[in-house]
Amino acid sequence: MVYKMKLACSLRAAQSFAFTAAVLALIGCVKTEGTSTSDSTAASSTQTGSTNASTNACGTDNGGITLPNGFCATVFADTIGHARHIAVASNGDVYVNTWSGKYYQGPTHPGGFLVALRDTNNDGKADIIKRFGPDTQHKNGGGTGIGIYKGALYAEEGDTITKQIVRYAISADSMTPTSATSETIVGGLPASGDHPMHPFAIDASGSMYMDIGSATNSCQIKNRTLESPGHKPCTELRTRAGIWRYDANKTNQKFSPAERYATGIRNAVGIALDPGGQLYSTQHGRDQLFDNWPKLYTAEQGQNQPAEELLKIVQGGDYGWPACYYDGQQQKLVLAPEYGGDGGKAVGDCGTKRGPEAYFPAHWAPDDLLFYSGSSFPAHYKDGAFIAFHGSWNRAPGPQGGYDVVFVPFAGGKPVDPAKYEIFADGFAGAVKQPDRAAHRPTGLTLGPDGAIYITDDQGGRVWKVTYKGSTK
């Protein structure tokens, strides 16, 4: 893998992993139409009773994952393609955006990349599945971003050169769009380089906040190359590595530097609003400190630095990339080697940049973010943050890590402890936490109207529905 992304979390130069997803049986009668890794330098985890024992009360194996006591999971849908982000309508219909392209091996799922799912008998499994939107015959490769605003479905689609956010008028009767034609909300989004996805969040007023990830690892003159210095200035920041704001109520907007809302964010794949309307995002930390700078970093430092981050996004905020990275051991931003850094001691201008609200082990790849505003989970989870970690590819010489969903408790509008997190759901990868051998890789999160959460997987194409059946007393 050379790219660290929400999808395949990057592929090492001169290496190629052949992704082999397990063949999974389609669950139920479906009508189809059209374990945390030890890390001494980053945040620490707490197991919150996550155990297979909870599956006894559920009557199933929770779709192969482990959850805290009282929680149960069903396989809501399976083998639907490379399932990325997910949204649920007010009537309970579920929509998933799927993706294809060079980051995945094997055939593309036939039909459109957008998937509509409905559970008609409330058994936690979708029994109607419909696909829509352009397919590969229309030179579409799907996307990551998806959301619902004012009853319409917004989704990212496009090819490997440019993407766009489009809007579909969806019908509660048919689940799918009332017209085969979508409206373009924002066009001309850059889709080249290392991070071509465009996840987004829409607030109550219609402001659409969108991630546009960096085209490179660290803005080097020669990307991911031994001791190549960084561009000064990093002109990539004009059009990449930040969050842009558009109006979800307007059509035919064009991408431009003028709409940049925040900068210095390498790849904010998880992007969400908290219950009070404050915008947050995750950040994929940069790769290859040791690989590209072996005179400054040990292999162990390359494994454990930099930390992954949860950021509180403010307009005009600068979060440091590419000149800075967050050192989880020192708990501060330090100067990157491409910009004069000396292995983690020098700070330089990084002291003026905005650091994270919480941080996590290196290279876990946080791919989605959800603040829990439902009422069916215990009070402990109220207003806290769930994060889906896609899983690492570059934590050698140690074992790979991530491949789980964690929970960060909040109080007073901020994490209770920026260094602590709880493993909420695990077991996705199966026996081996390796990107080419994992059975599943958590990617998307959303909240249903009944208070359940949904988790997607872009390796096996599975969707889980997680409910709480324990006592709230």
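The values are calculated or read from the model by the stated rules, or taken from the named source; none is laboratory data. For clarity, every value in this text was computed on a predicted model and none was experimentally measured. Glycine also receives a Cβ, built like all others from the backbone with ideal geometry; neighbour counts cover every protein chain displayed. Protein only, heavy atoms only, side chains kept; ligands, DNA and RNA dropped before computing areas. Shrake-Rupley method; radii C 1.70, N 1.55, O 1.52, S 1.80 Å.
At least 1 residues being polar (S, T, N, Q) and open to solvent by 10 Å² or more (accessible area, probe 1.4 Å) is the threshold, and among the strands (runs of 3 or more DSSP E) wholly inside the range 359-473 those reaching it are 442-447, 463-468.
When the range 169-219 is filtered for residues that are of a type in the set (D, E) and touching a His at 6+ places or on another chain (Cβ under 8 Å), only D211 remains. Quick check on the range 166-180. Is at least one of its residues out of contact with any helix residue (DSSP H, G or I) (no Cβ under 8 Å at 6 or more places or on another chain), among the acidic types (D, E) and surrounded by fewer than 20 Cβ atoms within 10 Å (Cβ to Cβ)? Yes, the range 166-180 contains at least one residue that is out of contact with any helix residue (DSSP H, G or I) (no Cβ under 8 Å at 6 or more places or on another chain), among the acidic types (D, E) and surrounded by fewer than 20 Cβ atoms within 10 Å (Cβ to Cβ).
Restricted to the range 242-275, and to residues there that are part of a loop (DSSP other than H, G, I, E, B) and either under 16 Å from F386 (Cα atoms) or charged (D, E, K, R) (or both), the residue that is most open to solvent (accessible area, probe 1.4 Å) is K250.
Here's a check for you: in the range 93-107, which residue that is open to solvent by less than 40 Å² (accessible area, probe 1.4 Å) and small (G, A, S) is modelled with the highest pLDDT? By that ranking, first place goes to S100.
For the range 276-313, the set of residues classified as closer than 15 Å to G384 by Cα and in contact with a Ser or Thr (Cβ under 7 Å, 6 or more places away or on another chain) consists of L310, L311, listed by residue number. A residue that is touching a Cys at 6+ places or on another chain (Cβ under 9 Å) and within 20 Å of F371 (Cα to Cα) occurs nowhere in the range 301-310. Does D327 satisfy being within 22 Å of the chain's Cα centre (by Cα), open to solvent by less than 20 Å² (accessible area, probe 1.4 Å), at pLDDT 95 or above and farther than 20 Å from V406 by Cα? Spelling it out, D327 is indeed within 22 Å of the chain's Cα centre (by Cα), open to solvent by less than 20 Å² (accessible area, probe 1.4 Å), at pLDDT 95 or above and farther than 20 Å from V406 by Cα.
Within the set K312, K295, K332, K345, the sole residue that is among the basic types (K, R) and closer than 25 Å to E259 by Cβ turns out to be K312. When you scan the range 296-304, do you find a residue that is of a type in the set (A, V, I, L, M, F, W, C) and open to solvent by 10 Å² or more (accessible area, probe 1.4 Å), even just one? The answer is yes; a qualifying residue exists. Can you work out which of the residues in the range 132-165 that are farther than 18 Å from G81 by Cα, buried (at least 24 other Cβ atoms within 10 Å of the Cβ) and of a type in the set (A, V, I, L, M) is nearest to the chain's Cα centre (by Cα)? Top of the filtered list is I165.
For the range 38-54, taking the residues that are open to solvent by 20 Å² or more (accessible area, probe 1.4 Å) and under 24 Å from V463 (Cα atoms), the one that is modelled with the lowest pLDDT is identified as A53.
For S214, the stated conditions do not hold, so it cannot be described as over 30 Å from P294 (Cα atoms) and either assigned to a loop (DSSP other than H, G, I, E, B) or touching a helix residue (DSSP H, G or I) at 6+ places or on another chain (Cβ under 8 Å) (or both).
Of the residues in the range 222-233, how many are in contact with a helix residue (DSSP H, G or I) (Cβ under 9 Å, 6 or more places away or on another chain) and either hydrophobic (A, V, I, L, M, F, W, C) or not in a strand (DSSP E or B) (or both)?
The total comes to 8.
Under the condition of being in contact with a Leu (Cβ under 7 Å, 6 or more places away or on another chain) and closer than 30 Å to P399 by Cα, the residues counted in the range 432-453 number 3. On the given criteria, is R238 at pLDDT 95 or above and open to solvent by 30 Å² or more (accessible area, probe 1.4 Å)? It is true that R238 is at pLDDT 95 or above and open to solvent by 30 Å² or more (accessible area, probe 1.4 Å).
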